[in-house]
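Please read the structure below before turning to the comments.
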Amino acid sequence: MAACELIADANVADFRLACCGEHPWPVDVRTDFSVFLEQLQGLLQALLDGSPSFQLRMYEQGIETVLAFTRAESMLRVRCEPLIAGGENRFGGRDEMLGVKELVLALDGALAAFFKCCERVCPQLLTLRALKDWRKLVEHQVVQLLSVMPRP
């Protein structure tokens, strides 16, 4: 994604991912955050649909790991598995439990940070129809998810 390349070149953000006992993963903005963002709409839709299981495939070289989410009521079990069958399980130290709301808030925070960085380093990209449509869709998904979750 061109925006991630520009953000990486400007050195205005870091992408941090930690899961399955490995803190933090060796991920970057240029490639790994782009991989994450391209799957974000599907992750949010799986949460909206109440899918019993779904995945985030971090396929870039050096990571090559699938985060497999399995729903357990208001919680998600997250298991890290090798992307390639028989491959090295780089981050599979242990399963983790994560609240659905905690995940939604983290995804929303990543979105907000992405758009803030775009505004800072490449505001012209935010005028592109495809990015505007995607932004509207994923922000709507987040609002829908948060509207059905209990408030503290």
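Summary table below
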{"read-out": "All positions within the range 120-150 that are of a type in the set (Gly, Ala, Ser) and over 25 Å from ALA10 (Cα atoms)", "value": "SER147"}
{"read-out": "Residue list for the range 16-39, filter: crowded, with 20+ Cβ neighbours inside 10 Å, under 10 Å from the mean Cα position of the chain (by Cα) and in contact (Cβ under 8 Å) with a residue 60 or more places away in the chain", "value": "PHE33, PHE36"}
{"read-out": "Of residues in the range 47-86 being of a type in the set (A, V, I, L, M, F, W, C) and in a loop (DSSP other than H, G, I, E, B), the one surrounded by the most Cβ atoms within 10 Å (Cβ to Cβ)", "value": "ILE63"}
{"read-out": "Selection from the range 1-32 of residues that are in a helix (DSSP H, G or I) and either of a type in the set (S, T, N, Q) or closer than 20 Å to LEU128 by Cβ (or both)", "value": "ALA2, ALA3, CYS4, GLU5, LEU6, ILE7, ALA8, ASP9, ALA10, VAL29, ARG30, THR31"}
{"read-out": "Near pairs, Cβ below 7 angstrom, 6+ apart or cross-chain, from the range 51-77 (more than 16 Å from GLU88 (Cα to Cα)) to any residue that is part of a strand (DSSP E or B) and of a type in the set (Val, Ile, Thr)", "value": "PRO52/THR70; SER53/THR70; GLN55/VAL66; PHE69/VAL78; LEU76/THR70; ARG77/THR70"}
{"read-out": "Top-ranked residue in the range 88-118 [being among the small types (Gly, Ala, Ser) and touching a residue at least 40 places away in the same chain (Cβ under 8 Å); ranked as nearest to PHE33 (Cα to Cα)]", "value": "ALA110"}
{"read-out": "Residue list for the range 87-98, restricted to those being loosely packed, with under 13 Cβ neighbours inside 10 Å and part of a strand (DSSP E or B)", "value": "MET97"}
{"read-out": "From VAL35, VAL104, residue being part of a helix (DSSP H, G or I), modelled with pLDDT of 95 or more and over 20 Å from MET1 (Cα atoms)", "value": "VAL104"}
{"read-out": "Subset tally (residues that are surrounded by fewer than 16 Cβ atoms within 10 Å (Cβ to Cβ) and either in contact (Cβ under 8 Å) with a residue 24 or more places away in the chain or within 18 Å of SER34 (Cβ to Cβ) (or both)) for the range 136-145", "value": "3"}
{"read-out": "Which listed residue, of LEU126, LEU98, LEU137, LEU105, is touching a helix residue (DSSP H, G or I) at 6+ places or on another chain (Cβ under 6 Å) and either of a type outside the set (Lys, Arg) or farther than 18 Å from VAL29 by Cβ (or both)", "value": "LEU126"}
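The values are calculated or read from the model by the stated rules, or taken from the named source; none is laboratory data. Not measured: the values here are computed from a predicted model. Ideal geometry is used to build each Cβ from the backbone, glycine not excepted, and the neighbour counts take in all protein chains shown.
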